[in-house]
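Worksheet: the structure to be examined is printed underneath.
Each value in this text was obtained by applying a stated rule to the coordinates, not by laboratory testing. Here the structure is a predicted model, which is why all the values come from computation and not from measurement.
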Amino acid sequence: MTVGPSARTTAAAPPWQAGGAPPPPSTATTAQHTPALAASAPESAAAATTYRGRFAPSPTGPLHAGSLVAALASWLDARAWNGGRGGLWLVRIEDVDTPRCIAGADETILRQLATCGLVPDAPPLWQSSRGALYQQALDGLIARGDAYPCACSRKDIEEAHAAQGHARERHATLPYPGTCRQGLHGRPARSWRFNTTGFCQKPPVALAHAAQGAPFSIANGTVRWTDRRLGPQEQDVTSVVGDFVLRRADGLWAYQLAVVVDDAAQQITHVVRGEDLADNTPRQILLQRALGVATPRYLHTPLVRGANGEKLSKQNGAAPLDLREPLQALNDAARALGLPAWDHPHHNSLPSALEMWVNAWARTYNGPP
Ligand code: GLU
């Protein structure tokens with residue numbers, strides 16, 4: 001396992017940053033955040049900190065045993081950083097998918113975190129207030145030919161696949177067949193897509209694999225990256241996902257664009273989140289390259305499964321955390337992370353149990369590369 005900040009080279013300012021000059025088509029390796037971008041982040045006073053982590057829950061319900069694992073892991077990683085001297089831990093409420101959000105769930109989540117002793121180092125940020133920033137990012141992508149309007153409905157995509165003789169596997173998301181990449185041909189635009197195929201053919205992107213020390217590489221549409229827990233990963237984004245949505249047909253911002261813009265704006269250096277999101281990482285790395293912003297290090301945590309073997313999630317009815325005994329809930333989360341159980345006689349208070357897990361985390365996840 002490896003840790004540490006991403007390798008960085010300089011690049012022009014992202015276009016969606018106030019006063020930023022348009023960057024070149026893309027840069028071969030990771031880019032450095034600029035002072036103006038730092039100043040746009042609400043917690044810019046702490047910008048000198050070299051570790052900036054975040055927990056980014058969607059307020060679709062209260063935290064459950066599975067989401068506490070990701071919350072605890074990201075908090076522990078921030079606290080354990082630099083031999084226990086610690087970095088900055090932020091919370092971002094990802095409320096862009098408004099139909100799935102539940103009123104008050106954001107406040108419930110923040111209260112649940114606080115009950116567990118997980119308190120962010122700066123005021124939380126709500127994605128619903130950041131549409132202008134996402135629009136600026138999209139405008140920059142459009143200007144450079146990295147995004148295009150799409151007229152296709154889900155049915156159109158299925159029909160295009162059927163016409164090519166592709167069978168659809170159950171529950172599988174079909175890669176976008178590229179129907180609108182060359183233009184709408186008079187059809188009305190519904191959504192905006194990232195031009196994965198076009199972007200991966202741009203010479204600086206094709207060369208990205210040559211960058212020394214880069215925590216990822218891109219070659220022929222395949223993104224390779226090393227997860228701090230899962231090890232080397234790869235995905236051919238052009239064939240597995242295709243040109244993915246940035247702004248949805250209902251006008252809402254897609255998770256991929258919002259998460260990349262905000263991780264960059266908040267200068268996140270380390271992302272720690274659930275393993276179910278690991279296969280989104282290559283898309284996010286491509287978007288980071290297209291926007292000319294840094295790629296954080298990633299660690300994806302084990303998923304907690306219910307009695308039926310399925311991943312615990314709000315969608316399949318996971319029970320909200322019972323926080324009458326926060327130490328017990330944290331103990332279950334720590335066990336899921338492979339950390340030792342809370343040792344009752346020695347660590348019978350929340351702060352002392354958390355401190356014990358910070359030390360255990362450093363031994364388990366922050367070993368030498
Ligand atoms: N908001 C996402 C979720 O709750 C997590 C996004 C992330 O950590 O990148 O599943």
Solution diffusion estimate, µm²/s, Stokes-Einstein, the range 248-369, Kirkwood Rh from C-alpha pairs, 4 °C, viscosity 1.567 mPa s:
75
Under 5 Å from the placed amide H of R54, counting only residues 5+ away or on other chains, we find L90, V272
Under 5 Å from the placed amide H of D95, counting only residues 5+ away or on other chains, we find Q127, S128
What ³J(HN,Hα) values, in whole Hz, does the Karplus curve 6.51 cos²θ - 1.76 cosθ + 1.60 give for the range 297-308 when θ = phi - 60°, with x put for Gly and Pro?
7, 10, 9, 9, 8, x, 8, 8, 9, x, 4, 7
